[in-house]
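Q: So that we are looking at the same thing, I have put the structure below in structure tokens.
The values are calculated or read from the model by the stated rules, or taken from the named source; none is laboratory data. Because the structure is predicted, anything quoted here is derived from the model rather than measured. Methodologically, a virtual Cβ is constructed for each residue, glycine included, from the backbone with ideal geometry; neighbour enumeration extends over all protein chains shown.
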């Protein structure tokens, strides 16, 4: 019965190609538990404002820095993909970060401060007086389907998509809200809340998650309600001795990282739950299950639950990606990646092309730890940290490599990776050359006889047949 209804809605969309029919089909697919097919249906009609609002409800991949784990509940690419597009970025300095949603792709590039004039435009002949030689970031918003540049947001970093909003931090580490599709300014959040600006701001910047927006100040950490559309009342304020180095929020916990220690706070009240010395670690990843801490160069890797209790540790290991049930990690002097059980630390498997093989054939041993990793459901992606242009995908249950993609014309090392439904975006750093971003997508198979009812067949121009 449901399949008959979906076929009827699909025929109506083929006949009309109207946004209203597209929305009806997508809604029916979602009600049938087929969110992935609903997303694919809506993408084609993203030029319509109502379709964009529907797209805003799907998961996004945000730049949360090294402190928040990022996995996404979206359909992964399990079979050999294609490079849908690859575009060079403007020559604005080193590319640093990427965020992606069905509404846009945001790239952060660094511009040397001495190259900015009073207008904030690169290469302005009337150079501004500056007290710093640190790069001044520029966030570039791209079309997710074509890579075409939409807008540049100057002085912006740490892009995060929340619904139809794009949140960035300005040069002081204060959050600013833009439209996710157009980049239009919606709110200078700190100013609208009447918060005092601090010249040098916070290294950690703001953090989003669990319905909260966290904003550090010199002596406190403020948490405001955030529903995706705007910032609400302050939920709590926690006293601090100094700015945090790292900040993340997930589930019921907030991670506050300082130079030699870290603390877990209750996300509902701001009260301290756990505090510990860093114990040789200088980075941590927080998710709904707990926190994983490690040194940037080979451990110790320590896995804790949401209350800070230590579950297990490995003295020499580096976490590459974490999910609720696994930790993907690499050990020194071994060109292989282990999949560790999140509860016990015991190996579940290793990422390998076949029995007895390792990643050594794809990534050099020196660059294995610098590869960029992302998890979508039961698939882990990696983009090589050496100039080979290689992207791989592996099954998280078995570790078996599902596909290897060697992009044409060897690329600079991957600087960042982002995954959303049926898409992986790879940002090349542009060291010694111009940065670029690639969209790796599932290979279209319109003639697949196993195509489920209601899944649109597409013409080459992306329209339904």
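Q: Would you kindly identify the helices (runs of 4 or more DSSP H) lying entirely within the stretch 1-70 that contain at least 3 residues that are modelled with pLDDT of 95 or more, under 19 Å from the mean Cα position of the chain (by Cα) and on the phi > 0 side of the Ramachandran plot?
A: Details: elements: 2-16, 19-31, 35-43, 49-55.
So the answer is none; nothing clears 3.
Q: Sticking with this structure for a sec: Exactly one condition in (1) in contact with a helix residue (DSSP H, G or I) (Cβ under 6 Å, 6 or more places away or on another chain); (2) touching a residue at least 12 places away in the same chain (Cβ under 8 Å) is false for residue 30; which is it?
A: Single failed check for residue 30: (2).
Q: Can you tell me which residue within the stretch 225-252, out of those that are more than 30 Å from residue 54 (Cβ to Cβ) and in a strand (DSSP E or B), is modelled with the lowest pLDDT? Walk me through how you get there before you give the answer.
A: Residues of the stretch 225-252 that are more than 30 Å from residue 54 (Cβ to Cβ), as a first pass: 234, 236-247.
Then keep just the ones that are in a strand (DSSP E or B); that gives 234, 236-239, 246-247.
On the way: 234: 93, 236: 96, 237: 95, 238: 94, 239: 92, 246: 85, 247: 90.
Filtering first and then ranking leaves 246.
Q: Select, from 374, 442, the only residue that is under 21 Å from the mean Cα position of the chain (by Cα), buried (at least 19 other Cβ atoms within 10 Å of the Cβ), modelled with pLDDT of 80 or more and closer than 29 Å to residue 21 by Cβ.
A: Working: 374 fails: closer than 29 Å to residue 21 by Cβ.
442 is the lone residue from the list that is under 21 Å from the mean Cα position of the chain (by Cα), buried (at least 19 other Cβ atoms within 10 Å of the Cβ), modelled with pLDDT of 80 or more and closer than 29 Å to residue 21 by Cβ.
Q: Find the residue count for the stretch 232-252, including only residues that are more than 13 Å from residue 213 (Cα to Cα) and surrounded by 16 or more Cβ atoms within 10 Å (Cβ to Cβ).
A: In the first step, residues of the stretch 232-252 are kept if they are more than 13 Å from residue 213 (Cα to Cα); the result is 238-246, 251-252.
Now drop any that are not surrounded by 16 or more Cβ atoms within 10 Å (Cβ to Cβ), which leaves 238, 240, 243-246.
Of the residues in that region, 6 qualify.
Q: So, in the stretch 258-267, of the ones that are modelled with pLDDT of 95 or more and more than 17 Å from residue 219 (Cβ to Cβ), which residue ends up surrounded by the most Cβ atoms within 10 Å (Cβ to Cβ)?
A: 264
Q: Considering 255, 221, which residue is at pLDDT 85 or above, touching a helix residue (DSSP H, G or I) at 6+ places or on another chain (Cβ under 9 Å) and either surrounded by fewer than 17 Cβ atoms within 10 Å (Cβ to Cβ) or in a strand (DSSP E or B) (or both)? Before the answer, list the steps.
A: Values: 221 fails: touching a helix residue (DSSP H, G or I) at 6+ places or on another chain (Cβ under 9 Å).
Criteria check complete, one pass: 255.
Q: Could I ask something else about it? Please go through the stretch 394-428 and give me each residue that is assigned to a loop (DSSP other than H, G, I, E, B) and either surrounded by fewer than 22 Cβ atoms within 10 Å (Cβ to Cβ) or modelled with pLDDT of 85 or more (or both), ordered by number. Lay out the reasoning, then the answer.
A: Of all residues in the stretch 394-428, those assigned to a loop (DSSP other than H, G, I, E, B) come to 396-399, 407-413, 421-422.
Result: 396, 397, 398, 399, 407, 408, 409, 410, 412, 413, 421, 422.
Q: Residue 97 versus (1) buried (at least 21 other Cβ atoms within 10 Å of the Cβ); (2) out of contact with any strand residue (DSSP E or B) (no Cβ under 8 Å at 6 or more places or on another chain): which is the lone unmet condition?
A: Exception for residue 97: condition (2).
Q: Restricting attention to the stretch 163-172, report how many residues are free of Cβ contacts under 8 Å to residues at least 60 places away in the same chain and surrounded by fewer than 22 Cβ atoms within 10 Å (Cβ to Cβ).
A: 2
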